[in-house]
Every structure is written in C-alpha cells, then in structure tokens.
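Here's the structure we're looking at; comments come further down.
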Ligand code: CTP
C-alpha cells in the first residue's frame, strides 16, 4: 500500500498581490475583493486603468490597501513600477476584466501600468470578466479569451443575472467572495489550476438532504455544502463543464461558470444526479444524503398533545452512489465521501477502507468528524483512498485545497 503526502500547506508569509481594476461598473466590487485580501494579511497593490478611476476614486483604493495608486508608467519612475510590480507579484487579479482589457492582454499591448504589469508577471494571472452579454459573446472577445487561456491565464466564465441596468444575461462579475477564495487557493498552491479538465463533464453533489416530517419540520444533517461547492468551483476553473446538484447548504455564492440545480430530498437529489450523470466523465458525491426518510408526510403541523408522541416510522432511501456504481458508464470515474468517526470496533481509516470496498467507487475522500472538524468550517483535512490501494494524506487547509487534491487524484486515475 502506498502512502504519500499531498501538496504543500498554505504558507504563512505575506504574499504580494496586484489587483488590476478595469473600467466597468463592477469596479466597485473590486473594493470588496481588496478588503478580503488585506484582511487575510496579504499586501495588495491596486492598479486601475485611468478610466476605472471614473468609477471608484484612487483615495478609496489607497485607503483600503494602504498603498499608493498609480495608473501610468511615469509615476515613481526610479522604482520602475511597470516592470517591478509584475515581477515581484505572487498573484495578479483583474477585477473586473472588461472586453477592452481582455483584448489588450491577449495582444500584448502595454500602454499603461496595468497592461505593462500583465506582460511582466510570471506568477498566476486571473481575469474575472464583467461586461454586457453581447460584448462577452462577440467572436472577438471569445477569441481573446481562448488565446489567453491557451497561454495559461485563468479567465473565469462570468455569472448570469442582472447586469448594469434593468437587463440581465451572462456577463456579471463573479461573486467577490468567490474571487477571494480562488485567490487564496492560488496563493497557497500556485500550481493548482492547470487548464487540464477542458472538455470534461463533471457532476458534483453538495449539501445535506432534508426529509420532511410535516410542513415545518424535517430530518436533516449538518452539511454546509462548502466542500462540494469548492470541488465544483475548482473543476470549473480547471476548464470542466460542471453541474452542481445542491441540496440544502449554508448561504453560498454560486461558483463562477457552474450550472447549479437545487434539490431538497434524497429522492430529488437521486433523480437530478442520474439525469446529469448520463454523459458525465466524473461524478463526485460530496452530499450528505439522508439514509432514511419518514414513511409518512403529515399534511399539517404535528401538534403536541398530553399523550406519548407517536414514533416516526422511517423508510430506507436509495443509495445514490451504489446505484451509480452498478449503472456505471464506460470510462466514468466515481468518487464518494465519507465523514467518519472512530469507535471501539475500528478507527476512522479502517471504517473508510471497508466503506470503499462496500461502495465500489474509484476514490473515497475521508474526513474525520469531531469537534470543529469537517462540518460548517472553512478548512478541512483527510485521506484519499483509491480502489487500487493508494492512500494519500491531505494536510489541513482550505476546502479548495482539498478540492485540488481530489481533482489531481481523479486526473491521475484517469490517466492510468
Ligand atoms: N450516499 C449516497 N446515498 C445515500 C447515502 C450516501 O449516495 N443514501 C453517498 C454519499 O454522498 C457519500 C457516500 O455515499 O459519497 C458515503 O456516505 P455515508 O453516509 O458516509 O455512507 P453510508 O453508506 O450511509 O454509510 P454509514 O452511514 O453507515 O457510515
């Protein structure tokens, strides 16, 4: 049996981030991203375009970052900022990336401090587009995006929804919390986002199902959905076509570029997963699916009486992962999750090894559950057990780091 530690844990040193800001109405959301990054202890230099300062003033960026803000290459000339900022950065983000900035970046134009920095940066560069649907869909923009991605720049898909005016469509900036999360991942694992899942169809389930007892009560569990959302987000950033089947979760922003289907009960989740899995290359069952449901749904709120309460009769729910395994499509990779506690009979890993055999999936992600671990928290650790006997420990870190380790393991299994 092999046992290998996964990638490095998040380093403590302050990282240098360049936050480029394009001239779009979504520029105000760059302030939230800036706040999230500085609160995480990173040094952020904001580099807006000249026109971006018509949307948000330099004073706001200077106050929030504690750093000077320039747009041109002729300020602080002895410091050679147009070269130094890019060379010294650990990460460059562009929020929002307008159609104009994408075009300039794709064609190597360097007519201001931001575009010059994009040319000198050797670190990961992430561009978060925001523009009107027509501009995003224009073949010129699409060709620029394809060229940038081909060269290794991460250009995320914009969200769909309300745009600047009353109109709506594809072109909204990704949620600022999502942007901060992705930045945090890349600062910890600069190698985390190769564009290696392009063309793959991926289905991820997340959250906890709720099995109704009456119109106001249910049987549920503590799953927040954060791990499943992180898996979906990272797969989308690596280029996959992702469907996220989300049961009940904490309030979470929709991961950029991910199709989300909301479900309530285990049976609804099962139907949605089977539908999406028909042509999926990989299915990851990160959801906490209730094993049982009440046999009867009361049509009205059950009242307390002076009598002993009636026991709630339960029926077994379908085991979705087991169904996927027995109906497995050729070439499909199936991943299960197991939140385990040790007991007098076996420890966490022994329980997990038995579960991997019982379930018959290719990979099992194991989290030890206990005080402040696995549920409702931002960070996670665990083990990856693969059906061919490889066991990999995943160090404690952000749920997005665990997601990277899971996709790395899936990709390596599929290459064998
Ligand atoms: N799972 C599923 N359908 C269910 C129950 C679980 O698809 N009805 C999936 C989960 O999404 C997870 C894996 O099976 O990927 C393991 O879930 P878990 O609850 O740990 O396993 P169980 O088989 O329910 O085993 P036990 O509760 O006895 O530990």
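The values are calculated or read from the model by the stated rules, or taken from the named source; none is laboratory data. The structure presented is a predicted model; accordingly, all values stated were derived computationally and were not measured. Glycine gets a Cβ as well: all are built from the backbone with ideal geometry, and neighbour counts include every protein chain shown.
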Has the stretch 315-325 got at least one residue that is under 19 Å from residue 290 (Cα atoms) and more than 10 Å from the ligand (Cβ to nearest atom)? yes
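Has the stretch 251-264 got at least one residue that is away from the ligand (no atom under 14 Å from the Cβ) and over 25 Å from residue 180 (Cβ atoms)? Break it down into steps so the answer makes sense when it comes.
Quick first cut of the stretch 251-264, residues away from the ligand (no atom under 14 Å from the Cβ) only: 251-262, 264.
Add one more test, that the residue is over 25 Å from residue 180 (Cβ atoms), and what stays is 261, 264.
Yes: the stretch 251-264 contains one or more residues that are away from the ligand (no atom under 14 Å from the Cβ) and over 25 Å from residue 180 (Cβ atoms).
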Exclusive hit being out of contact with any strand residue (DSSP E or B) (no Cβ under 6 Å at 6 or more places or on another chain) and surrounded by 21 or more Cβ atoms within 10 Å (Cβ to Cβ), set 105, 52: 105
Could you check the stretch 230-249 and list, in sequence order, the residues that are in contact (Cβ under 8 Å) with a residue 60 or more places away in the chain and either within 10 Å of the chain's Cα centre (by Cα) or assigned by TED's automatic domain parsing to the domain that holds residue 161 (or both)? 230, 231, 233, 234, 235, 236, 237
Would you please name the residue that is farthest from the ligand (Cβ to nearest atom), looking only at residues in the stretch 200-215 that are under 18 Å from the mean Cα position of the chain (by Cα) and in a loop (DSSP other than H, G, I, E, B)? 200
Flagged in the stretch 265-276 as under 20 Å from the mean Cα position of the chain (by Cα) and either surrounded by fewer than 19 Cβ atoms within 10 Å (Cβ to Cβ) or more than 11 Å from the ligand (Cβ to nearest atom) (or both), in numbering order, are 276
Going through (1) touching a helix residue (DSSP H, G or I) at 6+ places or on another chain (Cβ under 9 Å); (2) touching a residue at least 60 places away in the same chain (Cβ under 8 Å); (3) surrounded by fewer than 20 Cβ atoms within 10 Å (Cβ to Cβ) one by one, residue 283 fails only at (3)
Reported set for the stretch 28-64 where residues are over 22 Å from the mean Cα position of the chain (by Cα) and either part of a helix (DSSP H, G or I) or not assigned by TED's automatic domain parsing to the domain that holds residue 95 (or both) is 28, 51, 52, 53, 54, 58, 59, 60, 61, 62, 63, 64
For residue 157, are the conditions met, namely being assigned to a helix (DSSP H, G or I), assigned by TED's automatic domain parsing to the domain that holds residue 100 and either at negative phi or touching a strand residue (DSSP E or B) at 6+ places or on another chain (Cβ under 9 Å) (or both)? no
Residue check for residue 180: under 19 Å from residue 285 (Cβ atoms) and not in a loop (DSSP other than H, G, I, E, B): no
Pair list, Cβ under 6 Å, 6 or more apart: the stretch 250-270 residue farther than 15 Å from residue 173 by Cβ and free of Cβ contacts under 8 Å to residues at least 40 places away in the same chain, other residue more than 16 Å from the ligand (Cβ to nearest atom) and part of a loop (DSSP other than H, G, I, E, B): 260/254
